[in-house]
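The values are calculated or read from the model by the stated rules, or taken from the named source; none is laboratory data. These numbers were taken from a predicted model, which means no experiment stands behind them. A quick note on method: Cβ atoms are made from the backbone with ideal geometry, for glycine too, and the neighbour counts reach across all protein chains shown.
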């Protein structure tokens, strides 16, 4: 794949260079050979920061595009920096921007094509790893089902080893007892062993682990407690002591937090400068004409780590004593005519971009709830407070997947919380962009649950 990457990046360089011409491309003060050599060197240097992941059997398309974007971004940054400091070329910003944008698109398509081709190749039975599963209990059967359901993962399951002989007549691929693993693994040239026996059988674990190490067979352990804790645990290390965290949080990384905050500032400033003034004049006038009261509605809501903050919205209801206690509902008599329109189109949320700029909120994140709802639901939904491990957002994953508006039942709130927690565990910059795009589309379509 590395040669293909290089071919794509070099091809895009010459396509853009000859298409734009020297008037836009700039001058090459050294020889073209030196520039091309530098370009290829920057690719290999970028691999240090965004390495290939060819060893991974399961990779999702959005992650491939994300890594391709990061790869090209690092590559262009290093290339432009080296050109400047080494004084090899004086390529204009126009050339570099066009080259960058074109490379992101073509490079992403290339990486996706390679992965899809590999999946198709594996589906035909090629490029597979021969594996055995030690232990046919609940964990063993679960990992078997996952691997068996999708041939594109590249796993060829030879069978199970378990000391429960009665399984011989139940399992179609029972291979023998655990003391027969070594002989079978050598004879069949097994690539990977998955150990799923309970932790009380430490002697078997150590024996098979040492055997795998000596025979260059990759050895994986499915922890016993996974039977009761169905989560993707994250391994961390303090010196040589392994720690398992129950949740992966990409926003714990300083780089991701800085990236998200910078985007929030730029995006919110753009909305506040170019959209909000005109919107405020029109919407504010209509609100004043529809009912008495302020244009902007302020309400205390729960934010990051449970801290309270004052959330801003265009007022969509008549001033009433239940504003801080009762959710808006369908055909709510408190809602004004202009308020119904503002809610259906999400326009009532625009003042929250000031919250984003102040740092209380993010453009994308779990929606902030009223203090009364936080108090109520935190007592009856186990993971409710987990959603406050990220800044609340103007829009969020729950809102674009059908959980916007009133939550009439406990199941609806649990569904919203589940999606908020999923967002926290699976955050990426591309996911934020996707949510923003879907939100904008929904603004023009209108949402049936927005009232």
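Do we have residue 377 as in a helix (DSSP H, G or I), assigned by TED's automatic domain parsing to the domain that holds residue 267, surrounded by 15 or more Cβ atoms within 10 Å (Cβ to Cβ) and out of contact with any strand residue (DSSP E or B) (no Cβ under 6 Å at 6 or more places or on another chain) here? When the stated conditions are applied, residue 377 passes them. Looking across segment 388-422 at every residue that is touching a helix residue (DSSP H, G or I) at 6+ places or on another chain (Cβ under 7 Å) and over 25 Å from residue 441 (Cα atoms), the one that is surrounded by the fewest Cβ atoms within 10 Å (Cβ to Cβ) is identified as 389. Taking the listed residues 123, 119, 130, 138, the one that is farther than 14 Å from residue 65 by Cβ and in contact with a strand residue (DSSP E or B) (Cβ under 6 Å, 6 or more places away or on another chain) is 130, with no other qualifying.
Condition test on residue 364, is it more than 22 Å from residue 315 (Cβ to Cβ), modelled with pLDDT of 95 or more and touching a helix residue (DSSP H, G or I) at 6+ places or on another chain (Cβ under 8 Å)? Taking the combined requirement at face value, the residue satisfies it. Scanning segment 186-209 for residues that are loosely packed, with under 12 Cβ neighbours inside 10 Å and closer than 24 Å to residue 155 by Cβ yields 187, 189. The single residue among 153, 174, 144 that is modelled with pLDDT under 90, within 22 Å of residue 223 (Cα to Cα) and in contact with a helix residue (DSSP H, G or I) (Cβ under 9 Å, 6 or more places away or on another chain) turns out to be 153. For segment 204-215, indicate whether the set of residues that are more than 29 Å from the chain's Cα centre (by Cα) and outside any helix (DSSP H, G or I) is non-empty. The answer is yes, given that some residue of segment 204-215 is more than 29 Å from the chain's Cα centre (by Cα) and outside any helix (DSSP H, G or I).
The residue that is modelled with the lowest pLDDT, among those in segment 83-101 that are part of a helix (DSSP H, G or I) and either surrounded by fewer than 18 Cβ atoms within 10 Å (Cβ to Cβ) or not assigned by TED's automatic domain parsing to the domain that holds residue 50 (or both), is 86.
The number of residues in segment 353-374 being part of a helix (DSSP H, G or I) and buried (at least 24 other Cβ atoms within 10 Å of the Cβ) comes to 2. Restricting attention to segment 245-296, the residues being touching a helix residue (DSSP H, G or I) at 6+ places or on another chain (Cβ under 9 Å), within 15 Å of residue 342 (Cβ to Cβ) and either assigned to a helix (DSSP H, G or I) or touching a residue at least 40 places away in the same chain (Cβ under 8 Å) (or both) number 10.
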